[in-house]
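Encoded as structure tokens, the structure appears first; notes follow it.
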Amino acid sequence: MDLTYRRCTLEDLDVLTETRIEVLRAANLLSDDVDMEEVRGQSRIYYEKALQDGTHVAYLVYDGDSFVGAGGVSFYQVMPTYHDPSGRKAYIMNMYTKPAYRRRGIALKTLGLLVEECRKAGITAITLEATDAGRPLYEKYGFVPMEHEMELPEGMQKEARQ
């Protein structure tokens with residue numbers, strides 16, 4: 001293996017957008033016939049803006065010229081709290097390693113690069129959503145389940161207002 005971990009720039013928009021679609025297909029078990037054009041377009045718009053304004057950092061992993069993995073982190077602001085006076089938070093997402101490359105430390109190294117980006121930005125509140133397959137990696141790194149967050153699913157939003 002000749003692995004290269006590369007921090008994305010605007011020059012990577014096409015590759016980054018296509019890897020996002022690949023990640024979403026894999027994570028959601030979507031076949032190639034599922035239409036992802038809207039997601040593809042919106043992802044490209046997101047990446048273009050967020051890479052420019054620094055609210056997203058992404059890494060692509062290559063073995064030679066072949067894409068083998070990815071990971072990203074989005075930075076966002078909430079109201080300051082006693083426990084987090086800055087209100088600056090980070091959300092790790094788009095973690096993916098091609099099946100043939102799994103269990104070789106690629107995701108762990110990518111995660112380390114993303115956490116380091118958070119540290120450089122002065123952000124200590126880092127969250128992520130874990131799949132069953134990814135959970136052991138995140139636990140090994142030190143992530144713990146959250147106990148106090150809740151979500152109102154999209155379908156329930158309208159019903160809750162009535």
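The values are calculated or read from the model by the stated rules, or taken from the named source; none is laboratory data. Note that the structure is a prediction, hence the values are computed from the model and not measured. Every residue, glycine as well, gets a Cβ built from its backbone with ideal geometry; the counts of neighbours run over all protein chains shown.
Looking at Arg7, Arg103 in this structure, which one is among the charged types (D, E, K, R), in contact (Cβ under 8 Å) with a residue 40 or more places away in the chain and surrounded by fewer than 14 Cβ atoms within 10 Å (Cβ to Cβ)?
Unique residue meeting the criteria: Arg7.
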So, first residue under 11 Å from Ala130 (Cα atoms) in the range 82-97, second residue assigned to a loop (DSSP other than H, G, I, E, B), Cβ within less than 7 Å, six or more apart or across chains; the pairs are Met95/Gly134
For the range 19-36, name all the residues that are under 15 Å from the mean Cα position of the chain (by Cα) and free of Cβ contacts under 8 Å to residues at least 12 places away in the same chain. Arg25, Asn28
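Condition check ((1) over 15 Å from the mean Cα position of the chain (by Cα); (2) of a type in the set (D, E, K, R); (3) under 24 Å from Ile123 (Cβ atoms); (4) modelled with pLDDT of 95 or more) across all residues:
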| site | (1), (2), (3), (4) |
| --- | --- |
| Met1 | yes, no, no, no |
| Arg40 | yes, yes, no, yes |
| Ser43 | no, no, yes, yes |
| Tyr47 | no, no, yes, yes |
| Gln52 | yes, no, yes, yes |
| Thr55 | no, no, yes, yes |
| Leu60 | no, no, yes, yes |
| Asp63 | yes, yes, no, yes |
| Ser66 | yes, no, no, no |
Between a residue in the range 117-135 that is farther than 16 Å from Met146 by Cβ and any residue that is surrounded by 15 or more Cβ atoms within 10 Å (Cβ to Cβ) and of a type in the set (A, V, I, L, M, F, W, C), which pairs come within a Cβ distance under 6 Å, given they are 6 or more apart or on different chains? Glu117/Val57; Glu117/Val73; Cys118/Ala90; Cys118/Ile126; Ile123/Ala90
Any strands (runs of 3 or more DSSP E) falling wholly within the range 1-106 and containing at least 2 residues that are closer than 24 Å to Cys118 by Cβ, hydroxyl-bearing (Ser, Thr, Tyr) and in contact with a Ser or Thr (Cβ under 9 Å, 6 or more places away or on another chain): 56-63, 66-77, 88-97
Any residue in the range 37-60 that is buried (at least 16 other Cβ atoms within 10 Å of the Cβ) sitting within a Cβ distance under 7 Å of a residue that is of a type in the set (D, E, K, R) and part of a helix (DSSP H, G or I)? List the pairs, counting only those 6 or more apart or interchain. Ser43/Arg20; Val57/Glu117; Leu60/Asp12
